[in-house]
Amino acid sequence: MMSALMSDVIEGRVTPGVSNAAVNAGGKLLKIVELQLKYGTSPPGTERKTLLLCGEKSQAQTKRNA
């Protein structure tokens, strides 16, 4: 996607502002994946890591408070 976007900017089909917004959004998505891999936890029996964000409660926390 990024290389296609760069080509479109060079050809004048996309403005630099639109390109900048798309690249910033892509960078933020990559940062989420990086943090998920670095700080995420895997539920028992799975390999997929999930990242607990502020304000979210895990099932264990919800059961303890019930």
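Only one of THR15, THR41 is in contact with a strand residue (DSSP E or B) (Cβ under 8 Å, 6 or more places away or on another chain), free of Cβ contacts under 8 Å to residues at least 24 places away in the same chain and surrounded by 10 or more Cβ atoms within 10 Å (Cβ to Cβ); which? So the residue among THR15, THR41 that is in contact with a strand residue (DSSP E or B) (Cβ under 8 Å, 6 or more places away or on another chain), free of Cβ contacts under 8 Å to residues at least 24 places away in the same chain and surrounded by 10 or more Cβ atoms within 10 Å (Cβ to Cβ) is THR41.
Considering GLU56, GLU11, the condition of being of a type in the set (Asp, Glu) and at pLDDT below 90 is satisfied by GLU56 alone.
The values are calculated or read from the model by the stated rules, or taken from the named source; none is laboratory data. All values derive from a computational prediction rather than experimental measurement. FYI the Cβ positions are ideal-geometry reconstructions off the backbone, even for glycines, and counts take in every protein chain you see.
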